[in-house]
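Q: Shown below is the structure under consideration.
The values are calculated or read from the model by the stated rules, or taken from the named source; none is laboratory data. None of the values given here were measured: they were computed from a predicted structure. Positions of Cβ are backbone-derived with ideal geometry, glycine not excepted, and every protein chain shown enters the neighbour counts. The protein model used for the area step is the full one, side chains on, heavy atoms only, and it has no ligands, DNA or RNA in it. Shrake-Rupley method; radii C 1.70, N 1.55, O 1.52, S 1.80 Å.
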Amino acid sequence: MPKPIVALVGRPNVGKSTLFNRIVGRRLAVVHDRPGTTRDRIHAPAEWNDIAFTVVDTGGIEVLPDSVTSGRRPGPERVLAQDSAPFIPLMRAQAEQSIREADAIIFLTDAASGLTPADEEVADILRRARCPIFLVANKADNASLRQDALEFYALGMKGEVYSISALHGDGVADLLDDLVQALPSSAPEIENEAGQDWGVKLAIVGRPNVGKSSLLNKLLGEERAIVSPIAGTTRDAIDTHLEWEGVPITLIDTAGIRRRGKIERGVEHYSVLRALRAIQRADVALLVIDGIDGVTAQDTHVAGFILDEWASVVVLINKWDAVEKDTYTMIEYTQWVRQALKFLDYVPVLFISALTGKRVRKVAPLALAVQAARFRRIATGELNRLVQGALARHAPPSKRGKRLKIYYASQPGVDPPTFVFHVNDPDLVHFSYERYLENQLRNAFEFPGTPLRLIFRARAQR
């Protein structure tokens, strides 16, 4: 049985992401004083009193006035999440989806701000929910604020008002004690040794506005992430689990990565940090490139981050439906991509359209094939026959009158495949000859999209 789902719901800037991080015990959600920081739904496993459940952080619910629905922009006194104003209807849709899926709801309010009309509007939405609702007055950091929190009984919600401080942890334990008692029973979910990730991890990465969230939604077959033509829509690294032909997969949608000098302080800075961490824990990075713009300097910048982490890669050329093409366009485009990403010439390139779904079904099988290559082992005898043949075809160049000698090779590790060459002097290895040996390995054995680590070690002297 799946784990019960607990949704955190409320107007913007009441501390939902802070409570989310407190419950899961990790800083997963971006937390900032700016209202509207969280936009997409973020899922994470949690446990309390030996009861496991899934907690969902949502964007703030704002009920738009008639002026907005009629096409006029609301005034700043009305819209709390001003910089997220274009996303308010989408954020509300994401929150309402979480309400429908939830087995219990934590309705957060702000004790410091007191009861507001926006809280009353959220309460009206939640009265249609068919699961237990826990009304929580957050930011009750002292006795006076805890006393003021009693005014939230005016919302007419069933049960008591829980006064807590998500930032300091005060009152959270009492809330969780009652929460888990209201959850339906569930069977324990199988997780890996880290207890955090599930199956093969595929990180969807790229610069802003190339269609990463659209690809996530198309792979899942639902509107899991907010999609907008406005660059920088996604802020958190969103983990979503699915099974592809029996193989468990964790899809990680990430914020767009820009060059360091162009990253703004605050929310974007932390969003990019989470994107980079997603690359660090990914088995395969799905590098999404805008087919209309082609490979840009920012794309090569993101590719460099992937290489630094020794992650496997699949290059996805998105928006292929909008590219004018003929019989030879795909071949010529592939050559252009490989030339632009010279250090990723071993990666597979797939042309897709996240909008229409063209070739999207090929993404997961291709990524799983690339992930399998990370664990391929070559027998020592077979490996040394290849090395001796490579030496016979192209002898190593000499350096200061001394020539490199390779005595034997072995593969001590995988993930990524690691080869150790025992030589007379590692300083004699020129980078061009190292590249030659890597190409020989790739020509003889298939390592699609996977980096190879070559180590040259001096043989011990007798």
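Q: Do you know which residues across region 368-420 are part of a helix (DSSP H, G or I), out of contact with any Gly (no Cβ under 8 Å at 6 or more places or on another chain) and open to solvent by less than 10 Å² (accessible area, probe 1.4 Å)?
A: Hits for region 368-420 are Leu383, Val387, Ala390.
Q: While we're on this one: Looking at region 279-299, which of the residues that are surrounded by fewer than 15 Cβ atoms within 10 Å (Cβ to Cβ) and not small (Gly, Ala, Ser) is nearest to Arg374 (Cα to Cα)?
A: It comes out as Gln280.
Q: With Val347, Val363 as the choices, which residue is in contact (Cβ under 8 Å) with a residue 12 or more places away in the chain, among the β-branched types (Val, Ile, Thr) and part of a helix (DSSP H, G or I)?
A: Val363
Q: Of the residues Leu135, Leu115, which is more than 22 Å from Asp174 (Cα to Cα), in contact with an Asp or Glu (Cβ under 9 Å, 6 or more places away or on another chain) and among the hydrophobic types (A, V, I, L, M, F, W, C)?
A: Within the list Leu135, Leu115, the selection yields Leu115.
Q: Another question about this same structure. For region 269-288, how many residues are at pLDDT below 65 and among the β-branched types (Val, Ile, Thr)?
A: 1
Q: Among (1) under 14 Å from the mean Cα position of the chain (by Cα); (2) part of a helix (DSSP H, G or I); (3) under 21 Å from Lys218 (Cβ atoms), where does Met330 come up short?
A: Unmet condition: (1).
Q: Do you know which residues across region 421-450 are in contact with a strand residue (DSSP E or B) (Cβ under 9 Å, 6 or more places away or on another chain), part of a loop (DSSP other than H, G, I, E, B), open to solvent by 10 Å² or more (accessible area, probe 1.4 Å) and not hydrophobic (A, V, I, L, M, F, W, C)?
A: Once the filter is applied, which keeps residues that are in contact with a strand residue (DSSP E or B) (Cβ under 9 Å, 6 or more places away or on another chain), part of a loop (DSSP other than H, G, I, E, B), open to solvent by 10 Å² or more (accessible area, probe 1.4 Å) and not hydrophobic (A, V, I, L, M, F, W, C), region 421-450 yields Asn424, Asp425, His430, Pro448.
Q: Further question: Only one of these conditions is not met by Ser70: (1) at pLDDT below 85; (2) closer than 27 Å to Arg146 by Cβ; (3) hydroxyl-bearing (Ser, Thr, Tyr). Which number is it?
A: Failed condition: (2).
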